[in-house]
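See below for the structure under consideration.
The values are calculated or read from the model by the stated rules, or taken from the named source; none is laboratory data. None of these values were measured; they are calculated from a predicted model. Using ideal geometry, Cβ is built from the backbone for each residue, glycine included, and neighbour counts are taken over all protein chains shown. Side chains are part of the model used for accessible areas, which takes the heavy atoms of the whole protein and leaves out ligands, DNA and RNA. Shrake-Rupley method; radii C 1.70, N 1.55, O 1.52, S 1.80 Å.
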Amino acid sequence: MVNKKIFISTLIALLSLGVGVAQKKADPVTFINQPHDWVDSVFNILTPKERIAQLFLVRAHTNLGERYIDSVQRVIEKEQLGGLVVFQGGPVRHVHMFNRYQQASKVPLLITFDGEWGLGMRMPDSTISYPYQMTLGAIENDNLIYQMGRQVARDFKRIGMHFNFAPVVDINNNPDNPVINFRSFGDDKIRVTEKGKAYMQGMIDGGIFASLKHFPGHGDTDVDSHHDLPQLPFDRTRLDTLEMYPFKELIRAGAPAVMVAHMNIPALDDTPHIPSSISPKIVTGILRNEMGFKGLSVTDAMDMKGVKKFFPSGQADVMAILAGNDLLEISENSERAIRLVEEAIEEGKINQEDIDARVKRVLAAKLWLGLDKGRHTNPNRLYEDLNGPGAKTLVQRIADAAVTLVKSDRGLRRFDRTQETAIVSIGVQEPQEFEKGLARQLSSYTQYVVAGNESEETLKEVLKAARGHRQVILAIHDNRARPRSELDFNAETKDLIDRLAGRRTVTLMFTNPYALNSVDIMRSSSILVGYQNDDFMQKALLKALLGQIIPSGKLPVTVSDQLPTGSGI
């Protein structure tokens with residue numbers, strides 16, 4: 001009797017606090033599969049055509065001029081689409097555009113974005129870029145990745161966006177992959193899963209939707225699905241135990257969304273040329289039924305060659321709905337696609353109840369995201385809020401944790417700031433953040449800058465001059481927008497690197513880790529890998545060289561027999 005009284009009094013106390021207890025949001029997957037009054041009320045005011053339109057996301061930019069912005073607004077007003085996929089532009093312009101579009105829409109728009117490394121993936125000049133996933137794959141402390149997820153969610157909400165097409169959980173076990181590569185956490189399925197979970201959970205806890213991609217796994221391809229249809233020729237056992245492993249584990253962990261790739265996978269569906277994104281056997285049969293996924297299934301962009309090459313003229317849009325997807329990203333012609341879906345319903349090819357259930361899931365996602373409470377975003381102090389000191393500090397902490405020492409710390413221990421030093425920078429036109437910071441620490445130095453296309457005679461002079469110094473710092477940069485597996489230097493420059501690498505040389509790679517195969521640097525006294533050329537990574541390697549941090553990163557991919565996954569001293 002006493003226990004019952006305690007229980008009742010505790011329950012009353014909870015209820016008295018408690019509207020908050022009763023109203024606490026469930027996890028997103030549970031939430032979107034429950035009935036909600038707001039969802040029903042919105043659903044009931046939509047026409048049949050407008051309900052179908054909730055499943056479509058339209059492309060949005062602010063860097064293409066006012067006419068383009070106006071044209072998208074007309075589409076939203078006419079078709080009442082479900083949301084946006086946001087591309088390049090400026091954050092303030094984006095916010096003004098979002099506010100216009102939200103006002104023009106009967107139902108709050110779901111605003112989505114490819115933010116694998118945050119807002120900087122599409123707005124690098126005006127917002128913070130977090131480290132690439134390959135860089136994240138090198139760090140041992142996954143709590144830093146969780147914190148990054150929380151911060152990315154904060155940035156998204158501040159600018160008025162709700163849904164991030166990240167993390168990438170493709171296992172990049174093909175060094176020649178032209179489209180995933182540095183966007184992956186690495187080639188080890190366990191580490192990819194653990195780091196994907198940390199990033200995903202950080203974003204969910206921060207209040208936005210996260211989407212795993214690119215199901216069933218785009219890591220072992222040498223074709224970019226933006227330009228053609230890749231094929232995965234592997235058997236079902238291989239796909240189950242490798243490519244699909246992170247998806248299965250993270251679906252169990254509560255993934256709210258999965259993006260389905262455009263890939264032809266005969267072992268999963270032997271229909272000629274069919275992309276996975278429009279295959280009922282893959283989307284409904286494997287993702288939904290076998291894996292038990294109950295979140296939102298979203299296609300990769302429907303204007304990509306990987307899907308429209310063999311299924312043009314809107315066929316693919318209808319097939320994507322038939323396959324079981326909830327959201328279609330960037331139809332070539334959404335008006336045509338909606339009409340074709342209507343016709344398919346009338347012909348009995350698509351079940352109306354099934355469509356209604358998907359629409360209600362999308363509306364429930366909007367409710368979970370708080371879009372029932374308002375959709376206006378305040379542009380005041382936007383730049384300051386998106387580029388705060390806390391976020392910058394976090395970026396640097398992540399970069400510091402990723403620094404990887406792949407050969408001996410001998411050169412680091414011997415490094416002497418008072419000694420005459422040659423700083424040889426490869427792949428740039430002028431000294432970068434690393435070189436400027438190092439120069440401030442040295443008593444005597446000479447800077448040599450090599451773009452990578454100089455003549456043999458010029459490079460011989462650099463070699464002779466650099467060898468006249470007591471110690472050599474060889475900094476190899478990949479200054480391209482995206483770090484690639486192969487360094488873009490002429491043969492003479494690569495020969496210079498080979499000849500400079502020696503017992504007096506500390507080599508630092510501000511590159512894709514696979515680029516270690518582009519040059520012969522293993523004779524260097526010490527080798528530090530920094531994964532990307534951004535200032536934060538250059539600062540991190542400078543700290544390691546100066547002894548201010550101890551390198552703790554591990555290679556996330558196998559570079560060679562000598563440098564397998566997990567290498568790092």
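Kindly indicate which of Thr299, Thr241 is of a type in the set (Ser, Thr, Tyr) and either at pLDDT below 95 or surrounded by fewer than 24 Cβ atoms within 10 Å (Cβ to Cβ) (or both).
Numbers: Thr299 fails: either at pLDDT below 95 or surrounded by fewer than 24 Cβ atoms within 10 Å (Cβ to Cβ) (or both).
Of Thr299, Thr241, the one residue that is of a type in the set (Ser, Thr, Tyr) and either at pLDDT below 95 or surrounded by fewer than 24 Cβ atoms within 10 Å (Cβ to Cβ) (or both) is Thr241.
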Check: Just to be sure, is Gly324 within 23 Å of the chain's Cα centre (by Cα), at pLDDT 95 or above and within 27 Å of Val29 (Cα to Cα)?
Finding: no
Next item on the list: State which residue pairs qualify: first residue at positive phi and inside the stretch 406-435, second residue polar (S, T, N, Q) and open to solvent by 50 Å² or more (accessible area, probe 1.4 Å) in any location, beta carbons under 6 Å apart, and separation of 6 or more residues or different chains.
Entry: Gly427/Asn479
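Of all residues in the stretch 111-137 being charged (D, E, K, R) and under 10 Å from the mean Cα position of the chain (by Cα), which is surrounded by the most Cβ atoms within 10 Å (Cβ to Cβ)?
Looking at residues that are charged (D, E, K, R) and under 10 Å from the mean Cα position of the chain (by Cα), I get Glu116.
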Notebook entry, point to check: Is there any pair linking a residue in the stretch 234-256 that is within 13 Å of Val169 (Cβ to Cβ) to one that is assigned to a loop (DSSP other than H, G, I, E, B) and β-branched (Val, Ile, Thr), with Cβ under 8 Å and at least six apart or on different chains, and which?
Noted result: Leu242/Ile171; Glu243/Ile171; Tyr245/Ile171; Pro246/Val169; Pro246/Ile171; Phe247/Val169; Leu250/Val169
Margin query: Condition first: under 22 Å from Asn533 (Cβ atoms), touching a Leu at 6+ places or on another chain (Cβ under 8 Å), open to solvent by 20 Å² or more (accessible area, probe 1.4 Å) and in a strand (DSSP E or B). Can you find one or more residues in the stretch 407-420 that meet it?
Written below: no
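Out of Gly306, Gly219, report the one residue that is assigned to a loop (DSSP other than H, G, I, E, B), within 24 Å of Phe87 (Cα to Cα) and open to solvent by less than 50 Å² (accessible area, probe 1.4 Å).
Details: Gly306 fails: assigned to a loop (DSSP other than H, G, I, E, B).
Exactly one residue qualifies, and that residue is Gly219.
Mind listing whichever residues of the stretch 361-406 are part of a helix (DSSP H, G or I), farther than 17 Å from Gln54 by Cα and either among the acidic types (Asp, Glu) or touching a Leu at 6+ places or on another chain (Cβ under 8 Å) (or both)?
Taking the stretch 361-406 as the starting set, the residues that turn out to be part of a helix (DSSP H, G or I) are 361-368, 382-386, 389-402.
From what is left, the residues that are farther than 17 Å from Gln54 by Cα are 382-386, 389-402.
Of everything in the stretch 361-406, those that are part of a helix (DSSP H, G or I), farther than 17 Å from Gln54 by Cα and either among the acidic types (Asp, Glu) or touching a Leu at 6+ places or on another chain (Cβ under 8 Å) (or both) turn out to be Glu384, Asp385, Leu386, Leu394, Arg397, Ile398, Asp400, Ala401, Ala402.
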Next item on the list: For the stretch 183-216, name all the residues that are within 26 Å of Thr237 (Cβ to Cβ), of a type in the set (Val, Ile, Thr) and buried (at least 24 other Cβ atoms within 10 Å of the Cβ).
Entry: Val192
Notebook entry, point to check: Taking the stretch 138-164, which residues are of a type in the set (Phe, Trp, Tyr) and either surrounded by fewer than 24 Cβ atoms within 10 Å (Cβ to Cβ) or over 15 Å from the mean Cα position of the chain (by Cα) (or both)?
Noted result: Tyr146
Notebook entry, point to check: Which residue, of Gly502, Gly553, Gly568, is assigned to a loop (DSSP other than H, G, I, E, B) and closer than 27 Å to Glu430 by Cβ?
Noted result: Gly502
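Given Val428, Val424, which one is within 25 Å of Asn479 (Cβ to Cβ), part of a loop (DSSP other than H, G, I, E, B) and either of a type in the set (Lys, Arg) or open to solvent by less than 30 Å² (accessible area, probe 1.4 Å) (or both)?
On the way: Val424 fails: part of a loop (DSSP other than H, G, I, E, B).
None of the others qualify; the one that does is Val428.
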Check: If you check Leu369 against the conditions, is it in contact (Cβ under 8 Å) with a residue 40 or more places away in the chain, within 18 Å of Gly149 (Cβ to Cβ) and open to solvent by less than 10 Å² (accessible area, probe 1.4 Å)?
Finding: no
Check: Being modelled with pLDDT of 95 or more, open to solvent by less than 30 Å² (accessible area, probe 1.4 Å) and within 18 Å of Arg358 (Cα to Cα), is that true of even one residue in the stretch 83-97?
Finding: yes
Note to self: I need the full set of residues from the stretch 505-550 which are assigned to a loop (DSSP other than H, G, I, E, B), closer than 25 Å to Asn181 by Cα, in contact with a Lys or Arg (Cβ under 7 Å, 6 or more places away or on another chain) and open to solvent by less than 10 Å² (accessible area, probe 1.4 Å), in order please.
What the structure shows: Asn512
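Based on this model, can you work out whether Arg499 counts as at pLDDT below 95 and open to solvent by 10 Å² or more (accessible area, probe 1.4 Å)? It would help to see each step written out before you state the result.
Values: at pLDDT below 95: no; open to solvent by 10 Å² or more (accessible area, probe 1.4 Å): yes.
Judged against the criteria, Arg499 is not a match.
Taking the stretch 170-200, which residues are under 24 Å from Ala391 (Cβ atoms) and in a loop (DSSP other than H, G, I, E, B)? Walk me through it before giving the result.
At the first step, the residues of the stretch 170-200 found to be under 24 Å from Ala391 (Cβ atoms) are 182-185, 194-200.
Correct list: Ser184, Phe185.
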Margin query: Any residue that is over 18 Å from Leu563 (Cα atoms), small (Gly, Ala, Ser) and at pLDDT 95 or above - is there at least one of those in the stretch 478-495?
Written below: yes
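Tell me, yes or no, whether the stretch 311-320 has at least one residue that is open to solvent by less than 10 Å² (accessible area, probe 1.4 Å), at pLDDT below 95, more than 20 Å from Pro256 (Cβ to Cβ) and not in a strand (DSSP E or B). Show your work before the answer.
Filtering the stretch 311-320 down to residues open to solvent by less than 10 Å² (accessible area, probe 1.4 Å) leaves 314, 316-317, 320.
With at pLDDT below 95 added as a condition, the list becomes 314.
Then drop every residue that is not more than 20 Å from Pro256 (Cβ to Cβ), which leaves 314.
Right, trim to not in a strand (DSSP E or B) and you get 314.
Yes - at least one qualifying residue is present in the stretch 311-320.
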Check: When you scan the stretch 165-179, how many residues do you find that are within 23 Å of Leu563 (Cβ to Cβ) and crowded, with 23+ Cβ neighbours inside 10 Å?
Finding: 5
Next item on the list: Kindly indicate which of Val341, Val359 is buried (at least 17 other Cβ atoms within 10 Å of the Cβ) and more than 19 Å from Lys106 (Cα to Cα).
Entry: Val341
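Yes/no per residue for (1) of a type in the set (Asp, Glu); (2) open to solvent by 10 Å² or more (accessible area, probe 1.4 Å); (3) in a loop (DSSP other than H, G, I, E, B):
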position	(1), (2), (3)
Ala255	no, no, yes
Met259	no, no, no
His262	no, no, yes
Leu268	no, yes, yes
His273	no, yes, yes
Leu287	no, no, no
Lys294	no, yes, yes
Next item on the list: Sort out which residues of the stretch 513-558 are farther than 26 Å from Ala491 by Cα, of a type in the set (Gly, Ala, Ser) and touching a strand residue (DSSP E or B) at 6+ places or on another chain (Cβ under 6 Å), and write them in order of number.
Entry: Ala544, Gly553
